[in-house]
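Here the structure is laid out as structure tokens; the discussion comes afterwards.
The values are calculated or read from the model by the stated rules, or taken from the named source; none is laboratory data. These numbers come from a predicted model, not from an experiment. Don't worry about glycine lacking a Cβ; one is built from the backbone with ideal geometry, like all the others, and counts go over all protein chains shown.
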């Protein structure tokens, strides 16, 4: 989830229930994946390997604050699997960051990359702190010290971080510059691919900023075509208005959709006549939340989920859509812009109601796809045109969407299971061919 490099990091989402009280995210992720493993009759030895990350890295590092005092920070980097390529995944800056969350998110990245046939594995990391409580100079020192603490655990051919909740383009530029100044002087200009999601000026890719929201939009467009659904005039509600939610809103508005409800860490708003996503984005960039936007009325979280709409895009944090929300939701389609926003029990309710669910592993993959393109451009010392990047993204998203649709129909399963199953089959084939060393 990238943001404008000039903006401060996204304010961590506040929810009615603390993340630590929602259950073990890694266990929930494994339940989803095990369902697909049973469908494809995954090899027992391969399943044994995939049930735990290869590496779990914890670092505690000191940083001097602006007042001269030293503060100790805890950082994480979980490397789930790299049989298909270098570990790849975001760096999350959030006060509730924890190891099990990182394990789940790293595992999801493994299968997301495999599903889209991107030669990456899965990783995830971050720091347990609230970035909104620190100055820009403190954030720079925290990021640089964290990068130094990770040392050779990251690298352009080994593990490639990216932005996530609470971090942004500027964060990635600091990480890249720190890494470049730690490696040998002869290699400094060969390591720009150590991170993705950088600013274009510092070696990032055109199209990366809007990539995840664009991927969400492409899946909605394909679903509408398959179901003879007219997007023009349809009502959409979006939870989370950071990078993913805001770009998804703007791109859907271009298709004629009407955004009637939006929510974030500060609260929820609604306007049956429509909310202008461009004006709302401008407001959020200044105010930090949608809650104080004058172009819509404040509503409660319960009222938000009960809004009359055709499409719901959860684009906040994980495990926001529970049983209560699933029962209240009136949408025909749920498109997961966030990672893991839906409890398994809630998804069962949605499917019983006839609601279509396009899972995160499929529809929010635009970010990792364009991150791959950025990585390739860095390796080749190339700069692809903006239109070229977006065209490549649309082609890959559309192809994978139809592959998952056909797989789900053939095997009579839900789309989440189909997506994981396709990824698992590709990983299994790779293990069968390569074997286990020694």
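A few remarks follow.
- Complete set of residues in the stretch 352-376 that are surrounded by fewer than 24 Cβ atoms within 10 Å (Cβ to Cβ) and part of a strand (DSSP E or B): 356, 357
- Every residue from the stretch 158-200 that is assigned to a loop (DSSP other than H, G, I, E, B), surrounded by fewer than 24 Cβ atoms within 10 Å (Cβ to Cβ) and modelled with pLDDT of 95 or more: 158, 199, 200
- Selection status of residue 118, within 30 Å of residue 427 (Cα to Cα) and part of a loop (DSSP other than H, G, I, E, B): yes
- For the stretch 49-60, the criterion of being crowded, with 16+ Cβ neighbours inside 10 Å and under 27 Å from residue 132 (Cβ atoms) is met by at least one residue.
- Some residue of the stretch 249-256 being within 15 Å of the chain's Cα centre (by Cα), in the same structural domain as residue 310 (by TED's automatic domain parsing) and either surrounded by 22 or more Cβ atoms within 10 Å (Cβ to Cβ) or assigned to a helix (DSSP H, G or I) (or both): no
- The stretch 290-319 residues that are at positive phi and in contact (Cβ under 8 Å) with a residue 24 or more places away in the chain, paired with ones that are assigned to a loop (DSSP other than H, G, I, E, B) and surrounded by fewer than 18 Cβ atoms within 10 Å (Cβ to Cβ) (beta carbon under 8 Å, 6 or more apart): 319/22; 319/23
- Candidates 347, 425, filtered to the one that is in contact (Cβ under 8 Å) with a residue 24 or more places away in the chain, in contact with a strand residue (DSSP E or B) (Cβ under 8 Å, 6 or more places away or on another chain) and closer than 28 Å to residue 43 by Cβ: 347
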